[in-house]
Amino acid sequence: MSLRKILISSSYIAALFFFACTTPSPDQSISEEMRYTEQYRPQFHFSPDSMWMNDPNGMVYYEGEYHLFYQFHPHSTVWGPMHWGHAITRDLVHWEHLPIALYPDSLGTIFSGSAVIDWSNSSGLGSSENPPLVAIFTHHNQSLADTGSDLFQYQSIAYSLDKGRSWAKYPGNPVLPNPGIRDFRDPKVSWYAEGEKWIMTLAAHDRIMFYSSPDLIDWTLESEFGALTGAHGGVWECPDLFPLDVEGEEKWVLLVSINPGGPNGGSATQYFVGEFDGKHFHNENPGTDALWIDHGKDNYAGVTWSYIPEVDGRRLFLGWMSNWQYANQVPTERWRSAMTLPRELLLERDGKGYLIRSVPAVETEKLRGEGIRLEPGPAKGSLDLWPIKDRAYPLYEIDLVFEYDPSDEAEFGIVLESEKQEQLIAGFNTRTRQVFVDRKASGKTDFSEHFPGIHTASYQVSREGEIRFHAFIDLSSLELFVDRGALVMTELCFPESGFEHIQLYSSQESVKLKTGAIYRLKRSW
């Protein structure tokens, strides 16, 4: 197999020189003591040291390290020419920033993609003794797009022989030219063992295209999926394809992000469950309603880590905690955006088909500090559960089980309140059968008309008369897991200094707190 050659133009060399000379370093104007203490800065979620971040990319576990690459603009806090930023974690809680992995070049900027371990060295880019890490990503050629051409996105690869610390681009890029589709991007690649081939799951405007390859270089179109299935309110992006076990049977899950078209407006991620035979994906969930991995406003472009050891066996997910409706306007200064907590995805059958549960990775328990158990009793009225004395970092994990009379019309839930009477409310309405998050008065909201509001999700409780709320509250976010992740809502919020008070409320005396626990959470930085 010979490598395809390309001419290295003077503009390409100039681009390499420019980006090599402008490699960003941590902002030296801020002391080490002040890092990660800015207003609204997440204290136990991943965020970049500085500048703009969006989609998670290239998530792979290798030799004890969970790699996270991400869409990164090192010269601004708004979206711009994309690079791949890079960080690692060994415990899913504490993160180490690494230098930028991939820079723009003459073929374009570096859009989203994935990474694989080429154990058999099928690509010839490493050796049997030192198999390469191979990144597969979209080159985005803005100059070509400006001409009106539809051919400005195509797929390329790069490789690393030193655990992802340095990367070389394949000289024959692109490995998958654009066939004439305007939005042709975000390759998620995995090894399909039964067919002994690589499978690329690719977003192509309003559908998914599956390609196969023996070597990560030569690709063949196998099939398409989704043109008449799922939500189509916007462009499809950032797919992922993987198997999950359900009652001893293997099913395949396909994640597809969409922007706009989410259940509460803007960006969101839908999923499909069915069979994949190495060529075609067959959706087995009946009906035409979209299934959402998260019903909140702020979980987008999420994908899963590859190569989790079999002894572990989990499928771990991470999403970008923002929404394209206002991502460039959120009120942060030195940095923009964060990722969700790592979540384990679990598949089960329900009355309608298949359901994905999302639960916080067990490693998040390492964040727990002091905790209290709550006494069972009425949830009527504004019961102040835990006024925080140390208000510097009001970070919580809240785990509550409510009991209610299904014959009553009741609304109940949690109120988070600041000293300035800013409020974030998460609740359940038994009449409408909706879980909701109200962030109308949650702090700073005037940066976008799309930000304030009450966001809802229809929910049929799994156990009539009982519902569990499991929530994580950082300085600028709420992640609410209902009934062990059967429904999830992720929401940003920007109170001036965090929420110092936790309260319960209920419209009916019949609503009771069955069990409850609250933990103070520790900073991870």
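Can TYR12 be described as modelled with pLDDT under 50, touching a strand residue (DSSP E or B) at 6+ places or on another chain (Cβ under 8 Å) and of a type in the set (Phe, Trp, Tyr)? So TYR12 fits the description; yes. Within the range 228-245, the residues that satisfy the criterion of being part of a loop (DSSP other than H, G, I, E, B) and open to solvent by 40 Å² or more (accessible area, probe 1.4 Å) are LEU228, THR229, HIS232, GLY233.
Of all residues in the range 513-525, none that is in contact (Cβ under 8 Å) with a residue 40 or more places away in the chain has its Cβ atom under 7 Å from the Cβ atom of a residue that is open to solvent by 70 Å² or more (accessible area, probe 1.4 Å) and of a type in the set (Val, Ile, Thr), 6 or more apart or on another chain.
Restricting LEU98, LEU92 to those that are assigned to a loop (DSSP other than H, G, I, E, B) and either at pLDDT below 95 or under 21 Å from the mean Cα position of the chain (by Cα) (or both) reduces the list to LEU92. Evaluate the range 106-126: report whether one residue or more is part of a loop (DSSP other than H, G, I, E, B), of a type outside the set (Phe, Trp, Tyr) and touching a helix residue (DSSP H, G or I) at 6+ places or on another chain (Cβ under 9 Å). Among the residues of the range 106-126, at least one is part of a loop (DSSP other than H, G, I, E, B), of a type outside the set (Phe, Trp, Tyr) and touching a helix residue (DSSP H, G or I) at 6+ places or on another chain (Cβ under 9 Å), which makes the answer yes. In the set (1) at pLDDT below 95; (2) within 25 Å of ASN328 (Cβ to Cβ); (3) open to solvent by less than 10 Å² (accessible area, probe 1.4 Å), SER497 fails one condition alone, (3).
Pairs meeting the criteria (first residue in the range 132-145 and on the phi < 0 side of the Ramachandran plot, second residue of a type in the set (Asp, Glu), beta carbons under 7 Å, at least 6 apart or on different chains) are PRO132/ASP118; VAL134/ASP118; THR138/ASP186. When the strands (runs of 3 or more DSSP E) confined to the range 270-353 are screened for residues that are farther than 29 Å from TRP219 by Cβ, those reaching at least 1 such residues are found at 343-350. Give the residue that is surrounded by the fewest Cβ atoms within 10 Å (Cβ to Cβ), with candidates limited to residues of the range 50-89 that are outside any strand (DSSP E or B) and in contact with a Ser or Thr (Cβ under 9 Å, 6 or more places away or on another chain). The extreme case among them is HIS75. No other residue among TYR271, TYR211 is among the aromatic types (Phe, Trp, Tyr) and either open to solvent by 20 Å² or more (accessible area, probe 1.4 Å) or under 17 Å from the mean Cα position of the chain (by Cα) (or both) apart from TYR271.
With respect to the conditions (1) open to solvent by 10 Å² or more (accessible area, probe 1.4 Å); (2) within 22 Å of GLY296 (Cα to Cα), TYR519 lacks only one, and its number is (2). Contact map, the range 171-188: first residue free of Cβ contacts under 8 Å to residues at least 40 places away in the same chain, second residue charged (D, E, K, R) and open to solvent by 30 Å² or more (accessible area, probe 1.4 Å), Cβ cut-off under 7 Å, separation 6 or more or different chains; pairs are GLY180/ASP150; ILE181/ASP150; ARG182/ASP150.
The values are calculated or read from the model by the stated rules, or taken from the named source; none is laboratory data. The structure presented is a predicted model; accordingly, all values stated were derived computationally and were not measured. Cβ sites come from the backbone with ideal geometry, for glycine too, and all protein chains shown count toward neighbours. With ligands, DNA and RNA removed, areas are computed over all heavy atoms of the protein, side chains included. Shrake-Rupley method; radii C 1.70, N 1.55, O 1.52, S 1.80 Å.
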